[in-house]
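Visitor: To start, I am sharing the structure in question, which I have written as structure tokens.
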Amino acid sequence: MWTAIREFIFGALQALEGFTHDYGVAIVLLTLFIRLALMPLTIKQTHSMYELQRIQPKIKELQKKYKNDKEKLQEETLKFYQENKVNPFGGCLPLIAQMPIFFALYQVLGTHGGNRGPSWNLPAYIDTLPVQAQAAAKQFWIILPDITSTPQSVYSNEGIAALIPYAILVILFGLSVWLPQQLMPGENQQKSMGRIMAVMMLYFGWISPAGVLLYWVTSSMLGVGQQQIQVRFYAKKGGPEQ
């Protein structure tokens with residue numbers, strides 16, 4: 001299954017690059033198609049997050065009422081969720097669905113690892129191209145010279161001046177983790193966890209291929225746009241339909 005996902009992503013990038021002549025643009029288009037495919041899940045995610053925040057006052061009342069009886073609190077909370085048709089884990093589904101794609105793309109674009117081949121690994125494939133075509137194949141417009149390089153390797157090999165566009169992408173990657181939670185109505189504790197997670201993800205962005213960051217930032221931007229449209233629609237109608 002993992003091999004199939006990896007080869008599907010590589011094949012999709014090859015097909016889209018044949019149309020756009022730019023692997024960076026191909027990643028953006030692939031991201032758009034994936035977001036469209038996952039839209040039913042992401043709509044449910046936003047619905048669940050919105051509903052969880054709407055019923056928080058009632059949950060707090062239950063916590064106060066049964067603070068000395070954890071078993072009863074768990075029972076009544078579960079019952080309350082069922083009565084209100086709220087899935088407390090519904091917000092995790094799109095993230096879980098995207099993880100295989102994210103890590104497969106990491107392998108497709110990565111330059112490390114022992115058993116890479118041009119049939120599924122983009123850097124290995126690019127190495128089979130004529131030398132004069134290799135640099136152009138790695139470039140994303142005039143923005144990123146090499147979508148297969150990590151910010152860490154760019155800094156180590158080329159210095160701080162070459163790092164600038166990659167550093168901006170890392171910062172956007174961190175913001176893409178932080179922003180969706182900050183825009184949702186919620187408690188400060190949940191938003192604080194989002195800030196901590198965003199800082200932690202900066203390191204992952206530092207060691208990831210730029211193309212992977214491009215995928216995640218694009219996906220997050222599309223997700224935030226969809227989320228805000230839904231939240232405003234719910235607020236206007238007084239909440240999601242049950």
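Visitor: Just the ratio, please: alpha-carbon radius of gyration of segment 1-112 over 2.2 N^0.38 Å, N its number of residues.
Guide: So segment 1-112 has a normalised radius of gyration of 1.56.
Visitor: On a 27 Å Cα-Cα criterion, which of the cross-link pairs K65/K85; K58/K236; K58/K237; K67/K237; K72/K236 come out too long?
Guide: Values: K65/K85 22 Å; K58/K236 22 Å; K58/K237 21 Å; K67/K237 34 Å; K72/K236 36 Å.
The answer is K67/K237; K72/K236.
Visitor: Whole-Hz Karplus ³J(HN,Hα) for segment 146-154, in order, using 6.51 cos²θ - 1.76 cosθ + 1.60 and θ = phi - 60°, x for Gly and Pro?
Guide: With the stated coefficients, segment 146-154 comes to 8, 6, 8, 8, 8, x, 4, 5, 4 Hz.
Visitor: Each residue of segment 67-77 in turn: what ³J(HN,Hα) in whole Hz from Karplus with 6.51, -1.76, 1.60 and θ = phi - 60°, glycine and Pro shown as x?
Guide: Once θ is set to phi - 60°, the couplings for segment 67-77 become 5, 9, 9, 5, 5, 5, 4, 4, 5, 5, 5 Hz.
Visitor: Something else about it: Hey, what number do you get for the chain at 222 nm if only DSSP H runs of n ≥ 4 count, each worth -39500 (n - 2.57), divided across all residues, to the nearest 500?
Guide: After summing the helix terms and dividing by the residues of the chain, the value is -25000 deg cm²/dmol.
Visitor: Also, I was wondering about something else. Determine the distance separating the Cα centre of segment 220-238 from the Cα centre of segment 129-163; give it in Å without decimals.
Guide: 36 Å
Visitor: With labels modelled as points extended 7 Å from the Cα through the Cβ direction, what inter-label distance (nm, one decimal) is found for I168 paired with T3?
Guide: 4.1 nm
Visitor: Assigning unit charges at the beta carbon (Lys, Arg +1; Asp, Glu -1) and nothing else, what dipole magnitude in debye, to the nearest 20, does the chain show about its Cα centre?
Guide: Values: 20 positive and 15 negative charges, 212 e Å.
Dipole size: approximately 1020 debye.
Visitor: Please give the length that would be gained between Q139 and T20 if that part of the chain were fully extended, namely 0.36 nm times their separation in residues minus their C-alpha to C-alpha distance (nm, one decimal).
Guide: Full extension from Q139 to T20 adds 41.6 nm.
Visitor: OK, next. Taking 30 Å as R0, compute the FRET efficiency from the Cβ-Cβ separation of K237 and F102 and round it to 0.05. Display every interim value, and only then the final one.
Guide: Working: r = 33 Å, r/R0 = 1.11.
So the FRET efficiency works out to roughly 0.35.
Visitor: Let me ask you something else. Please report the relative contact order for the chain, taking Cα pairs under 8 Å with a sequence separation of at least 6, and give it as a percent rounded to a whole number.
Guide: 25 percent
Visitor: Farthest toward the dipole's positive end in the chain, which of I5, M221, Q134, given Cβ charges of +1 (Lys, Arg) and -1 (Asp, Glu) about the Cα centre?
Guide: M221
Visitor: Compute from the Cα atoms of segment 37-96 the Rg and the Dmax, the latter being the longest Cα-Cα distance, and quote both in angstrom.
Guide: My reading of the Cα-based Rg and Dmax gives 13.2, 45 Å.
Visitor: Straight-line reach from K79: which aspartates and glutamates have a Cα under 16 Å away, not including same-chain ones fewer than 8 places off?
Guide: Leaving aside aspartates and glutamates fewer than 8 places away in the same chain, those within reach of K79 are E51, E61, D69, E71.
Visitor: Right, here's the next one. So what is Rg over Rh here for segment 2-237, counting just Cα atoms and using Kirkwood for Rh?
Guide: 1.07
Visitor: Suppose the chain between N115 and K64 were pulled fully straight at 0.36 nm per residue; how much longer would it get relative to their current alpha carbon spacing?
Guide: This chain segment gains 12.7 nm when fully extended.
Visitor: With θ set to phi - 60°, apply the Karplus curve 6.51 cos²θ - 1.76 cosθ + 1.60 along segment 162-178 and write out the HN-Hα couplings as whole Hz, x wherever there is a Gly or Pro.
Guide: Rounded to whole hertz, the list is 5, 6, 3, x, 6, 5, 4, 5, 4, 4, 4, 4, x, 5, 5, 7, 7.
Where a number appears in this text, it was derived from the coordinates with a stated rule and is not lab data. Please read these numbers as outputs of a predicted model, since none were measured by experiment. Every residue, glycine as well, gets a Cβ built from its backbone with ideal geometry; the counts of neighbours run over all protein chains shown.
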